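Chemist: Provided herewith is a single structure, encoded as structure tokens, for subsequent inquiry.
The values are calculated or read from the model by the stated rules, or taken from the named source; none is laboratory data. Keep in mind that what you see is a predicted model, and the values were worked out from it rather than measured. Don't worry about glycine lacking a Cβ; one is built from the backbone with ideal geometry, like all the others, and counts go over all protein chains shown. Side chains are part of the model used for accessible areas, which takes the heavy atoms of the whole protein and leaves out ligands, DNA and RNA. Shrake-Rupley method; radii C 1.70, N 1.55, O 1.52, S 1.80 Å.
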Amino acid sequence: MRHDHLISARQLSRADVEAVLDRAAEFDAGERVDRTGDLLGLCFFEPSTRTKMSFDTAMKRLGGDTVDMGPVDSSSVKKGESLADTVRVVEGYADAIVLRHPSEGAATLASEFVDVPVINAGDGAGQHPTQTLLDLYTIRENAGLDDITVGIMGDLKYGRTVHSLAEALTEFDAGQHFISPESLRLPRNVRYDLHESGADVREHTGLETVLPELDVLYVTRIQRERFADENEYRQVAGEYRIDAGTLEAARDDLTVMHPLPRVDEIAADVDETDHAHYFDQAHNGVPVRMALLDRMLDRGDRR
Amino acid sequence: MTDPDEELRVSKIRSGTVIDHIAAGQALNVLAILDIDGSGGEEVSVGMNVPSDRLGRKDVLKVEGRELSQAEVDVLSLIAPAATINIVREFDVVEKARVERPTVVRGILSCPNANCISTAGEPVESRFEVLEEAVRCGYCDELIREDLADHIAAD
Ligand SMILES: Nc1ncnc2c1ncn2[C@@H]1O[C@H](COP(=O)(O)OP(=O)(O)O)[C@@H](O)[C@H]1O
Ligand SMILES: [Zn+2]
């Protein structure tokens with residue numbers, strides 16, 4: 001990687017991604033390392049279950065340990081401490097920092113104040129690059145990363161996992177279709193990056209026309225808060241829901257993914273089909289984060 | 001050429017800065033960049049929509065006793081790319097420079113994304129990368145394409 005921090009999927013080259021995924025496969029196959037004494041700081045300014053547990057597990061499986069800032073309401077942040085101050089304090093305790101924060105740009109800011117590696121675990125509606133690495137791992141295992149067609153559906157505007165995945169896929173030979181209501185289409189800055197990378201951005205308001213071409217369908221949740229009223233939400237969200245019936249029009253080997261948590265955008269009857277890969281996807285978070293942490297902590301050691 | 005006497009009719013300053021060839025209509029925005037609203041007591045003359053050979057019409061600003069910081073010049077270059085900055089000492093122009101489009105501007109502009117960390121009271125200046133047709137927040141990636149002047153931070 002060109003940087004000591006992992007802030008955005010944009011900084012990941014194809015070679016970076018492949019190196020992390022290859023190493024993750026080794027960890028998946030039982031590879032062990034001993035990072036006794038290495039400490040990872042977990043700074044989650046927003047509730048998280050999966051991402052936080054997955055980092056915690058990954059670090060401990062590497063033989064290291066974690067220190068946790070704890071929930072925001074019981075910390076000094078509640079007393080009005082700036083993020084810049086918080087991370088400078090945590091820097092003194094930990095060899096790397098994982099940051100989840102509700103504001104866009106938080107990880108960039110944190111990285112400007114500390115010398116240990118900062119890993120962005122979600123900054124508002126910005127980026128979530130470690131989720132992308134595990135998404136790519138899952139895609140590679142099921143569909144490969146060459147000559148694939150990926151559909152990304154749901155809340156493309158606020159979905160940080162979507163922004164990171166779309167930008168990372170431009171490094172691969174992947175056609176991308178974006179399916180969302182007009183009001184939740186990809187933000188302008190992400191479309192700009194995709195155009196700059198030469199990606200062919202195809203946006204749709206419905207799944208039907210593209211579904212048969214897809215190798216991968218990445219579904220995200222449309223949240224109630226994005227709509228002024230309940231009725232509009234119900235009506236719009238209902239159009240971006242899939243069930244086993246919907247998938248009859250898909251290729252037999254379509255891989256359906258979701259960053260989880262899902263509510264009802266993927267009906268439970270899909271779980272029983274061969275298309276369902278979202279639980280494997282979630283499990284892949286551990287080996288992928290092991291690979292990433294192992295690599296980034298090595299850089300820290302050289303300093 | 002514009003008749004120099006015609007222009008000088010506005011005022012002459014002893015020492016300070018004359019910003020010339022500002023795109024017509026942008027003078028007040030340039031004043032906002034310089035954070036000049038009259039309350040500081042600076043002596044300022046503003047020429048708006050004055051004839052110009054190069055621009056057809058242009059705005060001109062003359063500010064007594066004030067030179068520009070690099071950050072101010074950088075943002076100025078984005079809204080008035082043809083501007084010329086003249087440093088005046090003892091009534092004479094002692095230095096003249098065209099503005100250059102920088103690769104990054106710091107401070108002065110404020111990110112329009114209300115959820116951007118740079119607007120959340122952290123100890124940082126705003127930072128925007130300058131692209132061909134827009135600027136982009138160095139924190140949240142938000143793009144500003146039009147009406148850059150609307151994003152000049154009010155102190
Ligand atoms: N602020 C948000 N706006 C839109 N979607 C969000 C937001 N926060 C979380 N999500 C969605 O929730 C899912 C999981 O989010 P994630 O950030 O990975 O949380 P966690 O790691 O705690 O499970 C994703 O679909 C993501 O798009
Ligand atoms: Zn911003």
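Chemist: Rounded to the nearest 500, what is the 222 nm mean residue ellipticity of the protein assembly as shown from helices alone, with -39500 (n - 2.57) per DSSP H run of 4+ residues and division by all residues?
Modeler: Per the formula, -8500 deg cm²/dmol.
Chemist: Counting just the Cα atoms, what span does chain A cover along each of its three principal axes? Round to the nearest Å and put the largest first.
Modeler: 54, 44, 38
Chemist: What aspartates and glutamates sit close enough to B:Lys12 to cross-link, taking a C-alpha to C-alpha distance under 19 Å and skipping anything fewer than 8 places away on the same chain?
Modeler: Straight-distance partners of B:Lys12: B:Asp3, B:Asp20, B:Glu42, B:Glu43, B:Asp59, B:Glu64, B:Glu67, B:Glu90, B:Asp92, B:Glu95.
Chemist: What is the interface area between chains A and B, defined as buried accessible area summed over both chains with a 1.4 Å probe, reported in Å² to the nearest 100? If you can, show how the numbers build up before the last one.
Modeler: On the way: alone 13360 and 8850 Å², together 20640 Å².
Looking at A and B, the buried total is near 1600 Å².
Chemist: I've got another one for you. Over the range B:16-98, how many percent of alpha carbon pairs lie in each 10 Å bin up to the one with the longest distance?
Modeler: Once binned at 10 Å, the Cα pair distances of the range B:16-98 give 19, 56, 25, 0.
Chemist: Let me ask something additional. Give the lysines reachable from A:Lys60 as a straight Cα distance under 18 Å; neighbours fewer than 8 places away on the same chain don't count.
Modeler: A:Lys52
Chemist: Something else now. Counting each pair of different Cα atoms once, what's the Kirkwood radius of the range B:104-151 in Å, rounded to one decimal?
Modeler: So the Kirkwood estimate lands at 10.6 Å.
Chemist: Here's something else I'd like to know. Under Stokes-Einstein, with the Kirkwood radius over Cα pairs standing in for Rh, what whole-number D in µm²/s applies to the range B:36-155 at 10 °C and 1.306 mPa s?
Modeler: This corresponds to a translational diffusion coefficient of 99 µm²/s.
Chemist: Further question: Order B:Val88, A:Val286, most accessible first, counting only protein heavy atoms with a 1.4 angstrom probe.
Modeler: My answer, sorted largest first, is A:Val286, B:Val88.
Chemist: Out of residues 5 or more away from A:Ile119 or on other chains, whose amide H comes under 5 Å of its own, with H placed 1.01 Å from N in the peptide plane?
Modeler: A:Leu6, A:Ile97, A:Val98, A:Leu99
Chemist: Any idea what the alpha-carbon Rg over 2.2 N^0.38 Å comes to for the range A:114-223?
Modeler: Ratio of Cα Rg to 2.2 N^0.38 Å: 1.04.
Chemist: Between B:Asp150 and A:Val72, what is the spin-label point distance in nm, taking each point 7 Å from the Cα along the Cα→C-beta axis?
Modeler: Between B:Asp150 and A:Val72, the label points sit 2.8 nm apart.
Chemist: Residue by residue through the range A:49-59, which ³J(HN,Hα) values in whole Hz follow from phi under the Karplus form 6.51 cos²θ - 1.76 cosθ + 1.60 (θ = phi - 60°), with glycine and proline marked x?
Modeler: 10, 4, 4, 5, 4, 5, 5, 4, 5, 4, 5
Chemist: Can I ask one more? Between B:Ser39 and B:Leu55, how many nm apart are label points set 7 Å from Cα along the C-beta direction?
Modeler: Computed distance between label sites B:Ser39 and B:Leu55 equals 2.7 nm.
Chemist: Need the list of aspartates and glutamates near A:Lys157 for cross-linking: C-alpha distance under 15 angstrom, and skip anything on the same chain fewer than eight residues off.
Modeler: Leaving aside aspartates and glutamates fewer than 8 places away in the same chain, those within reach of A:Lys157 are A:Glu104, A:Asp123, A:Glu167, A:Glu182, A:Asp193, A:Glu203, A:Glu225, B:Asp141, B:Glu142.
Chemist: Specify the inter-centroid distance of the range A:1-57 and the range A:236-262, based on alpha-carbon positions, in whole Å.
Modeler: The two parts, judged by their Cα centres, are 28 Å apart.
Chemist: Could you work out how much longer the chain between A:Asp280 and A:Tyr93 gets when fully extended? Use 0.36 nm per residue separation minus the Cα distance between them, nm to one decimal.
Modeler: Numbers: separation 187, 0.36 × 187 = 67.32 nm, distance 3.33 nm.
Result: 64.0 nm gained on full extension.
Chemist: Can you tell me the dipole magnitude for the range B:104-151 around its Cα centre, using point charges on the Cβ only (Lys, Arg +1; Asp, Glu -1), in Debye to the nearest 20?
Modeler: Values: 4 positive and 10 negative charges, 37 e Å.
Magnitude of the dipole: close to 180 debye.
Chemist: Separate question: For B:Glu67 and A:Thr205, what does the FRET efficiency come to when R0 = 60 Å and r is the distance between their Cβ atoms, rounded to the nearest 0.05?
Modeler: Numbers: r = 54 Å, r/R0 = 0.91.
Efficiency computed from Cβ-Cβ geometry: 0.65.
Chemist: Please list 3J(HN,Hα) in residue order for the range A:85-101, calculated via the Karplus relation 6.51 cos²θ - 1.76 cosθ + 1.60 where θ = phi - 60°; whole Hz, with x for glycine and proline.
Modeler: Each residue's phi maps through the Karplus curve to give 6, 4, 5, 5, 6, 4, 3, x, 9, 10, 8, 7, 10, 9, 10, 10, 8 Hz.
Chemist: Wrap a convex hull around the Cα atoms of the range A:1-96, take a quarter of its surface area, and give that in square nanometres.
Modeler: For the range A:1-96, averaging the hull's shadow over all directions gives 7.2 nm².
Chemist: Something else about it: Any chance you could check the range B:123-151 for residues losing 40 Å² or more of accessible area when the partner protein chains are in, compared with the chain on its own (1.4 Å probe)?
Modeler: B:Pro123, B:Arg136, B:Tyr139, B:Asp141, B:Leu143, B:Arg145
Chemist: Using each residue's phi in the range B:37-44, evaluate 6.51 cos²θ - 1.76 cosθ + 1.60 at θ = phi - 60° and report the 3J(HN,Hα) Karplus result to the nearest Hz, with x for Gly and Pro.
Modeler: 10, x, 6, x, x, 5, 8, 10
Chemist: Ranked from the most accessible area to the least, with a 1.4 Å probe and all protein chains present, what is the order of A:Tyr233, A:Tyr218?
Modeler: Greatest to least solvent exposure: A:Tyr233, A:Tyr218.
Chemist: Moving on to the next point. How much accessible area per residue does the range B:18-155 have, in Å², with a 1.4 Å probe?
Modeler: Counting only protein heavy atoms, the per-residue value for the range B:18-155 is 49 Å².
Chemist: Can you tally the net charge around B:Cys111? Count Lys and Arg as +1, Asp and Glu as -1, for every other residue whose Cβ sits under 13 Å from the Cβ of B:Cys111.
Modeler: Net local charge, B:Cys111 excluded: -4.
Chemist: As an exercise, use a Förster radius of 35 Å and the Cβ-Cβ distance of A:Ala19 and A:Ser48 to find the FRET efficiency, rounded to the nearest 0.05.
Modeler: With R0 = 35 Å, the Cβ-Cβ based efficiency is 0.85.
Chemist: Would you grab the residues whose amide H sits under 5 Å from the one on A:Arg221? Only those 5+ places off in sequence or on another chain, please, with H modelled 1.01 Å from N.
Modeler: Amide H neighbours of A:Arg221, under 5 Å, 5+ apart: A:Asp155.
Chemist: Leaving out ligands, DNA and RNA but keeping every protein chain, what accessible area does B:Asp147 have, in Å² rounded to the nearest 10, with a 1.4 Å probe?
Modeler: 110
Chemist: Only sites in a loop by DSSP and with at most 12 other Cβ atoms within 10 Å count here; which GluC sites (Glu not before Pro) in the range B:41-122 make the cut?
Modeler: Hits after loop and neighbour filter: B:Glu90, B:Glu100.
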